[in-house]
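What follows is a set of notes on a single structure, which appears directly below.
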Ligand code: FES
Ligand SMILES: [Fe+2]
């Protein structure tokens, strides 16, 4: 893509409207929303979004109080009713204002006006334990974005996520697109992770000649029609077994969890645009990595660490998550460092990337993305 796609703030704003808002966006794991009044607050495409559990029903709203625009939930996650802390306005499952303290003595809103007070709601879809929202008024079906096989796979793996979750944030001074490109590049681990991940997993490019020839044609000619354009989008997301893990370490806590699968393989789920799930322990534990675009130059990586669901609780489970974080953080920092270097190298005059055959998915994404950005195709 042209360097502007990674460095220009006007481009970033256009990308948000044309590419990101029409797509389903990950909000967070459902394990954090288990109780009545549990909530998640996230900035999705620049919109302050709250997902709240009302007696088991999950609802997504704009997190802005209708009285004076104070954010209703102030923490990134927690358990608290949907009540504004400025003057106590309380909201119900439909987003309507259910309680206005001192209404009759102080506010005295006309009945008509009060009846119209309703938070802006968004469509929400749970894929197993993964919560997605769509910000558009006429959202595309999530099945248009992800194939049935991908949705099934996400459901099956997330069913194994445990309820104990460790969350960490990593700011990265780079464009979010560098992260998805990096994840679809199987040659970088031997250089960037030579002393960490690559010691255990010998990633190698998959040279699927049929797919490569198909992407070559697509890159030249684009999609035949809208349907083909949307079908192409579904090829950007996939998941499952990636590569074998050499001499996978065994830990006693493995006995305490219901492992996902039985293979000593590195597993990887890439959900376009910005969600990545991986297991570097053959299904005993997982990282859920969400790359949240902040600006053209900055991305916040929000990472959730979980083990497979516990068969029984055990006293060291917190320590297991901490050591999981420590191991995964080394690899993540290596990626962030290289992406920040690439970002520094991007300037208006630099030539465009030179992608090889093994990077065929990134080549396809480039064509698809540019078709949307240059309004040759839309998302619906
Ligand atoms: S701003 Fe929310 S109740 Fe006043
Ligand atoms: Fe990497």
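The values are calculated or read from the model by the stated rules, or taken from the named source; none is laboratory data. The structure presented is a predicted model; accordingly, all values stated were derived computationally and were not measured. Note that each Cβ is placed from the backbone with ideal geometry, even for glycine, and that neighbours are counted across all protein chains shown.
Check whether at least one residue in the stretch 355-363 is crowded, with 20+ Cβ neighbours inside 10 Å, assigned to a helix (DSSP H, G or I) and out of contact with any helix residue (DSSP H, G or I) (no Cβ under 6 Å at 6 or more places or on another chain), and report yes or no.
yes
Which condition number does residue 66 fail, the rest of (1) within 16 Å of ligand 1 (Cβ to nearest atom); (2) without any contact (Cβ under 8 Å) to a residue 24 or more places away in the chain being met?
(2)
When you go through (1) more than 16 Å from ligand 1 (Cβ to nearest atom); (2) touching a residue at least 12 places away in the same chain (Cβ under 8 Å); (3) over 16 Å from residue 64 (Cα atoms) one by one for residue 111, which number turns out not to apply?
Failed condition: (2).
Residue by residue, here is whether (1) out of contact with any helix residue (DSSP H, G or I) (no Cβ under 7 Å at 6 or more places or on another chain); (2) away from ligand 2 (no atom under 14 Å from the Cβ); (3) not in a helix (DSSP H, G or I) holds:
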| residue | (1), (2), (3) |
| --- | --- |
| 287 | no, no, yes |
| 299 | no, yes, yes |
| 302 | yes, yes, yes |
| 323 | yes, yes, no |
| 335 | no, no, no |
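Just to be sure I understand, how many residues within the stretch 204-224 are assigned to a loop (DSSP other than H, G, I, E, B) and more than 29 Å from residue 248 (Cβ to Cβ)?
Matching residues across the stretch 204-224 total 3.
Return the pairs, sorted by first residue and then second, in which the second residue is crowded, with 21+ Cβ neighbours inside 10 Å, the first residue lies in the stretch 359-380 and is farther than 18 Å from residue 215 by Cα, the beta carbons are less than 7 Å apart, and the residues are 6+ apart or on different chains.
From the stretch 359-380, the pairs are 373/15; 379/23.
Which members of the stretch 338-353 meet the condition of being free of Cβ contacts under 8 Å to residues at least 40 places away in the same chain and either under 27 Å from the mean Cα position of the chain (by Cα) or surrounded by 13 or more Cβ atoms within 10 Å (Cβ to Cβ) (or both)?
341, 344, 345
Failed condition for residue 157, given (1) crowded, with 17+ Cβ neighbours inside 10 Å; (2) within 16 Å of ligand 2 (Cβ to nearest atom); (3) closer than 30 Å to residue 256 by Cβ, with all others met?
Among (1) crowded, with 17+ Cβ neighbours inside 10 Å; (2) within 16 Å of ligand 2 (Cβ to nearest atom); (3) closer than 30 Å to residue 256 by Cβ, residue 157 violates only (2).
Quick one: which residue in 101, 81 is in a loop (DSSP other than H, G, I, E, B), in contact (Cβ under 8 Å) with a residue 12 or more places away in the chain and surrounded by 15 or more Cβ atoms within 10 Å (Cβ to Cβ)?
Being in a loop (DSSP other than H, G, I, E, B), in contact (Cβ under 8 Å) with a residue 12 or more places away in the chain and surrounded by 15 or more Cβ atoms within 10 Å (Cβ to Cβ) holds for just one of 101, 81, which is 81.
Can you tell me how many residues within the stretch 54-63 are part of a loop (DSSP other than H, G, I, E, B) and within 14 Å of ligand 1 (Cβ to nearest atom)?
1
Quick check: is even one residue across the stretch 191-203 assigned to a loop (DSSP other than H, G, I, E, B) and exposed (fewer than 13 other Cβ atoms within 10 Å of the Cβ)?
Scanning the stretch 191-203 turns up at least one residue that is assigned to a loop (DSSP other than H, G, I, E, B) and exposed (fewer than 13 other Cβ atoms within 10 Å of the Cβ).
So is residue 238 at negative phi and either buried (at least 20 other Cβ atoms within 10 Å of the Cβ) or assigned by TED's automatic domain parsing to the domain that holds residue 76 (or both) or not?
Against the criterion (at negative phi and either buried (at least 20 other Cβ atoms within 10 Å of the Cβ) or assigned by TED's automatic domain parsing to the domain that holds residue 76 (or both)), residue 238 does not qualify.
For the stretch 42-77, which positions are on the phi > 0 side of the Ramachandran plot and more than 19 Å from the chain's Cα centre (by Cα)?
Listed by number, the residues that qualify are 55, 56, 69.
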